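*Asks:* Sending over a structure as structure tokens; questions will come in a sec.
The values are calculated or read from the model by the stated rules, or taken from the named source; none is laboratory data. Predicted, not measured: the structure shown is a model, and the values here were computed from it. Cβ placement follows ideal geometry from the backbone for every residue including glycine, while neighbour counts extend to all protein chains displayed.
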Amino acid sequence: MKLGIIGLPGSGRKTLFEALTRFGSDEATQKPEDRIGTITVPDKRVGILSSMYTPKKTIYAQVEYLLPYMATFTKDQKKEEPAWSTIRTSDALIHVVRNFKGYGLEDPDPFGDFRSLDEEMIFLDLMVVEKRLERLTMDTKRGRKINPEEQELLNKCLEMLNNERPLRRDPELASAHVLKGFTFLSAKPLLVIFNNGDDDDTMPVMGALVDQEKCQVVRGKLEHELSQMQDDEAQEYLKEFGITDSARDRVIALSYELLGLISFFTVGDDEVRAWTIKKDTPAVDAAEAIHSDIKKGFIRAEVVHYDDLMKAGSHKEAKKQGTVRLEGKTYPVRDGDIIEFRFNV
């Protein structure tokens, strides 16, 4: 899972990136290049399972945050710059919007700033759609066979984009398999982070936008300072400013929610591991997350939910209580399931 961080100059996207990844501001930050931070997804269940099974290895899920070289992200661009091309590889986007005052800065305009960059993504997608539709029209005139489904879906995109509506407003259209190769920017799931000042944890007035988008307030500068502290010092800092969870934990949780992801676990003497899959993934496809051979030779999945295991105290006791069960290929895996796949290749 990779999320790209975008935002206008001065929005604090670099500050947020460093707060999430705990990179110091002196770590190669002056180079004009993209930065990727791979971070461990905090999940206390993994730690508890590890203490129960004492495996040789404990592996947490991971998430990547991409901070592209942002010098090319400016208002009113007329063509796609390299930074946008980099962002197209992301599974979702985090749009950082300035909502703090500062010396030499204009008063924040979160709604205007958000719309500015969102309109840019709509414009860039519109160029892609128009170019492709022109090509399909030419192919039709030349008697070449085209995919009518692709043309129909692109026309729907054209209508939405011409009406200045991002493609993510229509999840079915945005996720259409036929359109996947176009990597539309406005189709990507979006998390809006309002970067507030140290003493402000209120959501700015954004009208219907707050209902249309997944939004979160973060006090970026404060959270950046927090990320550079030792854990015990950070806990005191959290209490002082009335923060229950760090931005890191909140943004990771929202990233999972945004993409509809869950975690299931495999346990044993060799390894306790968290695996990330889409919600409601069938057991046979969840098996493929581990290895394609397990999917190919899938027989059954032995499943016990984490909560049931904790109540029972052991796998043996959970079996006695009837909470360990065998499931088939179509079983929709739930967040917190502990699974042993039975297969034969």
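*Asks:* Right, residue 253: touching an Asp or Glu at 6+ places or on another chain (Cβ under 9 Å) and more than 26 Å from residue 102 (Cβ to Cβ) or not?
*Replies:* Yes; evaluated as a whole, the condition is true for this residue.
*Asks:* Same structure again: When you go through 166, 148, 171 one by one, which is the residue that is closer than 22 Å to residue 84 by Cα and free of Cβ contacts under 8 Å to residues at least 12 places away in the same chain?
*Replies:* 171
*Asks:* Looking at segment 197-251, which of the residues that are in a loop (DSSP other than H, G, I, E, B), surrounded by fewer than 18 Cβ atoms within 10 Å (Cβ to Cβ) and among the small types (Gly, Ala, Ser) is modelled with the lowest pLDDT?
*Replies:* Here the residue is 242.
*Asks:* Within segment 121-143, restricting attention to residues that are of a type in the set (Asp, Glu) and in contact with a helix residue (DSSP H, G or I) (Cβ under 8 Å, 6 or more places away or on another chain), which residue is surrounded by the fewest Cβ atoms within 10 Å (Cβ to Cβ)?
*Replies:* 130
*Asks:* Pairs, please: C-beta under 7 Å, at least 6 apart or cross-chain, first residue of a type in the set (Val, Ile, Thr) and in segment 273-291, second in a loop (DSSP other than H, G, I, E, B)?
*Replies:* 276/1; 276/61; 277/333; 281/333; 284/329
*Asks:* Just need a number here: residues in segment 41-68 that are out of contact with any strand residue (DSSP E or B) (no Cβ under 6 Å at 6 or more places or on another chain) and either of a type in the set (S, T, N, Q) or loosely packed, with under 15 Cβ neighbours inside 10 Å (or both).
*Replies:* So the answer is 6.
*Asks:* Something else now. Take residue 194 and decide whether it is closer than 24 Å to residue 13 by Cα and surrounded by fewer than 19 Cβ atoms within 10 Å (Cβ to Cβ).
*Replies:* It is false that residue 194 is closer than 24 Å to residue 13 by Cα and surrounded by fewer than 19 Cβ atoms within 10 Å (Cβ to Cβ).
*Asks:* Just to be sure I understand the filter: pairs with C-beta atoms under 8 Å, separated by 6 or more residues or on different chains, first member in segment 65-92 and within 20 Å of residue 115 (Cα to Cα) and hydroxyl-bearing (Ser, Thr, Tyr), second member crowded, with 19+ Cβ neighbours inside 10 Å and at pLDDT 90 or above. Which pairs pass?
*Replies:* Filtered contacts from segment 65-92: 74/8.
*Asks:* Sticking with this structure for a sec: Out of 156, 180, report the one residue that is assigned to a helix (DSSP H, G or I), surrounded by 15 or more Cβ atoms within 10 Å (Cβ to Cβ), out of contact with any Lys or Arg (no Cβ under 9 Å at 6 or more places or on another chain) and basic (Lys, Arg).
*Replies:* On inspection, the qualifying residue turns out to be 156.
*Asks:* Can you name the strands (runs of 3 or more DSSP E) wholly within segment 295-345 that have at least 2 residues being touching a residue at least 24 places away in the same chain (Cβ under 8 Å) and among the charged types (D, E, K, R)?
*Replies:* It comes to 298-305, 337-343.
*Asks:* So which pairs qualify, if the first residue must be in segment 45-57 and under 17 Å from residue 311 (Cβ atoms), the second must be assigned to a helix (DSSP H, G or I) and hydroxyl-bearing (Ser, Thr, Tyr), the Cβ gap must be under 8 Å, and the two must be at least 6 apart or on different chains?
*Replies:* 45/306; 49/306
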